[in-house]
1. Could you tell me whether region 90-105 includes any residue that is surrounded by fewer than 17 Cβ atoms within 10 Å (Cβ to Cβ) and more than 16 Å from the chain's Cα centre (by Cα)?
2. Could you run through region 94-143 and say how many residues are more than 10 Å from the ligand (Cβ to nearest atom), in contact with a helix residue (DSSP H, G or I) (Cβ under 9 Å, 6 or more places away or on another chain), of a type outside the set (A, V, I, L, M, F, W, C) and under 23 Å from Asp15 (Cβ atoms)?
3. What pairs come up if the first residue lies in region 1-22 and is in contact (Cβ under 8 Å) with a residue 12 or more places away in the chain and more than 23 Å from Leu170 (Cα to Cα), the second is of a type in the set (Phe, Trp, Tyr) and not in a helix (DSSP H, G or I), and their beta carbons are under 6 Å apart, counting only those six or more places apart or on different chains?
4. Of all residues in region 123-140, count the ones that are under 9 Å from the mean Cα position of the chain (by Cα) and of a type in the set (Phe, Trp, Tyr).
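Bear in mind that the values in this text are calculations on the coordinates, not laboratory data. Just so we're clear, the structure is a prediction, and the values are computed from it rather than from any experiment. Cβ placement follows ideal geometry from the backbone for every residue including glycine, while neighbour counts extend to all protein chains displayed.
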Amino acid sequence: MGELQVLISQEQIHDCVREFALSIRKDYGEEPLLLVGVLKGSFHLISDLARELGGETTIDFIQVSSYGHEKSSSGIVQIRKDLDTNIEGKNVLIVEDIVDTGATLSHLRELLATRKPKSLRVVALLSKPQARKMNAAAEYVGFEIPDEFVVGYGLDYAERYRNLPYIAILREG
Ligand code: IMP
């Protein structure tokens, strides 16, 4: 069993999601938006963000290869579940739980850009700048965190802890 140390509270996450929605609405006005959630880690964020955004907001999901049971990225990114919808001409916002090495994000951006969206931006709740190996930045970032393994609010370790309403550092116990 690991030991959990709260890093970002439920209230902080809630405030952050409201700020995301305000910034996004400031940038896009009332234009329709397509949120693309990166499974599985983004499921809380995309749900909360979609409700804050209101308006004409649609949702789709994509799944890429993940860490599996490892705590570090292999750097190899494969599509496991593609989008159901055509994103051509749409305002697409990729919704990510965390940008770590940046491999997932840089790959996804490249892939989705080939499908000719009207615009393509990224919303990421967390970023670990010290862990970055690829040139990948999100336009909307919630919290920059130290290079520690975190769980909760969608983030897992071996599929556990996704249901925590806050973000915590997981240390070997
Ligand atoms: P990247 O491709 O290295 O940027 O990693 C992105 C993915 O790795 C995220 O979408 C998460 O699923 C996973 N990940 C990265 N860091 C953590 C962490 O600290 N806890 C849990 N999952 C993580």
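1. If we filter region 90-105 for residues that are surrounded by fewer than 17 Cβ atoms within 10 Å (Cβ to Cβ), which is where we start, we get none.
No, because not a single residue in region 90-105 is surrounded by fewer than 17 Cβ atoms within 10 Å (Cβ to Cβ) and more than 16 Å from the chain's Cα centre (by Cα).
2. Qualifying residue count for the region: 4.
3. Every condition considered, the pairs that remain are Phe20/Tyr140.
4. Of the residues in region 123-140, 0 are under 9 Å from the mean Cα position of the chain (by Cα) and of a type in the set (Phe, Trp, Tyr).
To keep it simple, each residue is scored yes or no on (1) surrounded by fewer than 19 Cβ atoms within 10 Å (Cβ to Cβ); (2) farther than 20 Å from Leu33 by Cβ.
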position: Leu111; (1), (2): yes, no
position: Arg115; (1), (2): yes, no
position: Lys118; (1), (2): yes, no
position: Arg121; (1), (2): yes, no
position: Ser127; (1), (2): no, yes
position: Lys133; (1), (2): yes, yes
position: Ile145; (1), (2): no, yes
position: Val150; (1), (2): no, yes
